[in-house]
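The values are calculated or read from the model by the stated rules, or taken from the named source; none is laboratory data. Quantities reported herein were computed from a predicted structural model and do not represent experimental measurements. We place every Cβ from the backbone using ideal geometry, glycine too, and count neighbours over all the protein chains shown.
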Amino acid sequence: MDGQPTADVVDQVKDIPIYRTSVERGHFPILEKPEIADGFPDNWMTPRLAAALAAGEAEFVLSTGTNHARMQIIRPPYFLLNSYYKLWSEHPDISATWEAGCQRVSLTTVLATEHVARVNAKKRGGEPEAVPPLDDRRLDARTLYLNLRLDPALWERDDVVRMLAEIRTAQQAHPRGWYHLDCSGYHLAHLVQKARAWGLWEDFPQPASIIHAYEYTPLNVRRHLREHFTCPVVDLFGSTELGYLYYSDRHGHYRPYLDEMSVELVPVAPGSRIHSLIVSSVRNPYMPLIRYRSGDCARTLDGSPDPEKISRFCGREKELLATPHGPVAQADLDDRIADASPRVFLHQLHVTAGEAVLHHTTFDGEPLDPRACAVLERELRGLTGLRSRIEHREHIPVGKSGKYAWLVQDR
C-alpha cells in the first residue's frame, strides 16, 4: 500500500496551498515537519481557515517540542483535550470512570501546568502568578494540574503533601470517592517513591483509573505502577498536532484509535524492523496532515509494516542510535534493562566515539548487584558494539522540557 489519500480526503484538502502541487500531480509525498513550517501560516491559509481564526474557532499553538524543534500549528480550541476525553469515554477498561463523572488530576511536566495558568490568566486579562494557586491550575471543570516543579526528583515533602491534599479534594468531590489520574509515568513513579519514603503512602488516595500519555514509559516504571495501584493502568499514544492514535488495554496490548485517520509504517532503514509512523489525518479540519511523518517509531508483532499489528511505540526517530547492527531505539535498550533488573528506575545512555556508559538510578536507591551489572554490560556491548560501563547515580536530572532524554551522544 502506497498510503495515498482517498478521493474524499483529497477533496477536503485540495484548496490548501501546501497540497496544491500534490493534488495536481495526483501523488502526495511524505510530509516532513520543516515543510509545515516553511511559509507558515500562508501555506495553510484558505478563506475557511481565515474565517475560523477570526471567529475564534481555530487558534495558533505550539507543539510541545520536547524531542524535536517546536512546531507552530493551527487547531480548534481544546483539540487535544477533546481527543483525550473522547478516547477516555470509549476506552473499554476505563470508560466507566468517565461516565461516572470522575475528576481528572494531571501529574506531568511543570510546562503543562504553566500553560494552563497562562490560559486562565489571559481569560482574566492579567499575568499568571509565579506560583499558580489551585484554581489557576484548573483547565476546565473536570481537570486539575498538580506539578509546580521542573524536576520531580527534587520534590520536597511539602510539595508531596500539597499534591496529595489536592488529589484528595478531587476524590472527595465524587460520591463514590473515584478520581481519574492522568500522568507521565515517571512523575507518578516519583510521587509514589516520595510518598513511601516520607510515610505518606497511606494518605495517597487510590485512583479509579490511570492513564500515562506524555512520553515513553519504561517497562520497569509500568511494572512499578501496576505493583502499587490496583486500578487499570493504560497508555495513550498521540501528539499535540494529531490527537490520540492508539491506546493500550490494561494488559499493555495496543489498539488503533484512528478516527478520521490512517497510518502507514515505513522502515527507518533498509531491513530494519523499526518503523517510522506516517499519518494521514483530517481530524483537525483546519490543518489536515496528509502522509505526515510524526517522528515516532514503532515495532510490530511480526516485523511487518502492518499498523494493525503495532506492539510497541519505541521512541523518537531523531533519537535512534546508529550502530554497526543497524538503528537502535529507546525501547530496545529498555527491554534489556527490564530483563536484567526490575530495580532500575531512570536510565540515560551516554555514548562517545568508543564507549557507551549507562547512568541509572534505582527504585530503592541502592546500586545494582554485580551480577545484574555484568548482564547489563554484556547486553549493552551487544546492542551498541561499543565498550560499555554501568554507573549508578543518585540523581539523573530531567531535561528543560520536563521530560527525560534516554540518549546523550558526543561522537
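Just a few scattered comments:
- So E377, is it surrounded by fewer than 21 Cβ atoms within 10 Å (Cβ to Cβ) and assigned to a loop (DSSP other than H, G, I, E, B): no
- Top-ranked residue in region 249-258 [being free of Cβ contacts under 8 Å to residues at least 60 places away in the same chain and in a loop (DSSP other than H, G, I, E, B); ranked as surrounded by the most Cβ atoms within 10 Å (Cβ to Cβ)]: L258
- Test: D140 is in a loop (DSSP other than H, G, I, E, B) and loosely packed, with under 14 Cβ neighbours inside 10 Å: yes
- The lone exception for A117 - which of (1) modelled with pLDDT of 95 or more; (2) part of a loop (DSSP other than H, G, I, E, B); (3) surrounded by 13 or more Cβ atoms within 10 Å (Cβ to Cβ); (4) not polar (S, T, N, Q) it fails: (2)
- Candidate set: region 360-374, residues that are in a helix (DSSP H, G or I) and among the small types (G, A, S); chosen: the one nearest to K194 (Cα to Cα): A372
- The one condition in (1) in a helix (DSSP H, G or I); (2) small (G, A, S); (3) within 28 Å of D2 (Cβ to Cβ) that A96 fails to fulfil: (3)
- Residue in region 262-269 that is part of a strand (DSSP E or B), surrounded by fewer than 20 Cβ atoms within 10 Å (Cβ to Cβ), free of Cβ contacts under 8 Å to residues at least 60 places away in the same chain and assigned by TED's automatic domain parsing to the domain that holds I30 present: yes
- Among (1) acidic (D, E); (2) surrounded by 15 or more Cβ atoms within 10 Å (Cβ to Cβ); (3) in a strand (DSSP E or B) - the single one E391 does not satisfy: (2)
- Extreme residue, surrounded by the fewest Cβ atoms within 10 Å (Cβ to Cβ), among residues of region 296-307 that are touching a residue at least 40 places away in the same chain (Cβ under 8 Å) and either closer than 18 Å to E379 by Cβ or over 20 Å from the mean Cα position of the chain (by Cα) (or both): D306
- Among the residues making up region 85-144, those that are of a type in the set (D, E) and farther than 19 Å from G243 by Cα are D93, E99, E114, E127, E129, D135, D136.
- None of Y186, Y216, Y246 is out of contact with any helix residue (DSSP H, G or I) (no Cβ under 7 Å at 6 or more places or on another chain) and buried (at least 18 other Cβ atoms within 10 Å of the Cβ) except Y246.
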